[in-house]
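The values are calculated or read from the model by the stated rules, or taken from the named source; none is laboratory data. Being a predicted model, the structure only gives us computed values, none of them experimental. In this analysis, Cβ positions are derived from the backbone assuming ideal geometry, glycine residues included, and neighbour counts consider all displayed protein chains. Surface accessibility is based on the protein's heavy atoms, side chains included, excluding ligands, DNA and RNA. Shrake-Rupley method; radii C 1.70, N 1.55, O 1.52, S 1.80 Å.
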Amino acid sequence: MKVLQNCPLKPFHTFGMDVKASFFVEYDSVDELKNVLSQYDMPCRKWLHIGGGSNLLFTGDYQGAVLHSAIKGYEVLDENEEEVVVRVGAGEIWDDFVAYSVANGWYGAENLSLIPGEVGASAVQNVGAYGVEAGDLIENVEAISLSDASKRCFTHDECRFAYRYSIFKAEEKGRNIITY
């Protein structure tokens, strides 16, 4: 885990504004995330969870904690002639996952190439292009609840994917942090 005080945010968002966060916390496992939640009392403290920062414009220093997932990895859970189920860490770069899928002959995500951001954010935003959306490909989303640090698993239907929409932008906004 990386915890930095008075941290420059320029490398963490695409606009490259020269701003700082009071704290920057990067975790690389679910256990580290749970540790962060218990130490920092996140529901009561000012915080912002970011992905690749392509939808962020900081206009000044952030007086709070910026959290970032470095949970990485691809794990094939099931594969047959028709489909493959892959568990992907929320901190993986979305375009790297698309390239990995294509390189392995797993088709369906190729239209989503070159979309900026990270895998966790793709479920929040339901990124899409050329008639395909991330929600078309997502079987479930794993998250940690901010209220009690319990693991939550949202099914595809529970995510209520629609055009650039998911439950994580509405009722579940600010209640969970996506891990896989």
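Rounded to two decimals, what is the ratio between the C-alpha radius of gyration of the chain and 2.2 N^0.38 Å?
1.03
Which percent of the accessible area of segment 72-145 is formed by carbon and sulfur heavy atoms (probe 1.4 angstrom)?
Using a 1.4 Å probe with all protein chains present, segment 72-145 comes out at 48 percent carbon and sulfur.
Among SER38, ILE71, VAL98, whose Cα lies farthest out toward the positive end of the dipole of segment 6-116, if unit charges sit on the beta carbon of Lys, Arg (+1) and Asp, Glu (-1)?
Selected residue: SER38.
In nm², what is the average projected area of the convex hull enclosing the Cα atoms of segment 68-174?
Mean orientational projected area (segment 68-174, Cα hull): 6.8 nm².
Considering only VAL127, VAL25, VAL84, give the residue with the highest GNM mean-square fluctuation for the chain, with springs between Cα atoms whenever their separation is below 10 Å.
VAL84
Whose amide H sits under 5 Å from the amide H of ASN104, counting only residues 5 or more places off or on another chain, with H placed in the peptide plane?
Amide H to amide H, under 5 Å and 5 or more residues apart or across chains, ASN104 pairs with nothing.
Using amide H atoms built 1.01 Å from N in the peptide plane, name the residues 5+ places from VAL86, or on other chains, whose amide H lies under 5 Å from its own.
Close amide H contacts, sequence-distant or interchain: LEU77.
Would you work out the charge dipole size for the chain about its Cα centre, treating the Cβ of every Lys and Arg as +1 and the Cβ of every Asp and Glu as -1, and quote it to the nearest 20 debye?
1080 debye
Whole-Hz ³J(HN,Hα) for each residue in segment 104-121, computed from phi via Karplus 6.51 cos²θ - 1.76 cosθ + 1.60 with θ = phi - 60°, x for glycine and proline: what do you get?
Rounded to whole hertz, the list is 8, x, 9, 8, x, 9, 4, 5, 9, 5, 6, 7, x, x, 10, 4, x, 5.
Which residue, ASN111, ASN35, ASN80, tops the fluctuation ranking in a GNM of the chain built on C-alpha contacts under 10 Å?
Ranking ASN111, ASN35, ASN80 by mean-square fluctuation puts ASN80 first.
Beyond 21 Å between alpha-carbons counts as too far, so tell me which of LYS20/LYS151; LYS2/LYS72; LYS2/LYS34; LYS2/LYS173; LYS10/LYS34; LYS20/LYS72 fall in that bin.
In this structure, LYS20/LYS151; LYS2/LYS173; LYS10/LYS34; LYS20/LYS72 lie more than 21 Å apart at Cα.
Express in Å², to the nearest 10, the accessible area of GLU32 obtained by rolling a 1.4 Å probe over the protein heavy atoms while all chains stay in place.
Its accessible surface works out to 40 Å², give or take rounding.
List every residue whose amide H lies under 5 Å from the amide H of TRP47, counting only residues 5 or more places away in sequence or on a different chain, with H placed 1.01 Å from N in the peptide plane.
Long-range HN contacts for TRP47: ALA65.
Within segment 1-78, what percent of beta bridges assigned by DSSP are antiparallel, to the nearest 5?
40 percent
May I ask you to evaluate 6.51 cos²θ - 1.76 cosθ + 1.60, the Karplus curve with θ = phi - 60°, for each residue of segment 9-23 and list the ³J(HN,Hα) values in order in whole Hz, giving x for glycine and proline?
9, 3, x, 10, 8, 6, 6, x, 5, 8, 10, 10, 10, 4, 9
Tabulate in residue order the Karplus-calculated ³J(HN,Hα) for segment 78-87, using 6.51 cos²θ - 1.76 cosθ + 1.60 with θ = phi - 60°, rounded to whole Hz; enter x for Gly and Pro.
7, 8, 9, 5, 9, 7, 9, 10, 10, 8
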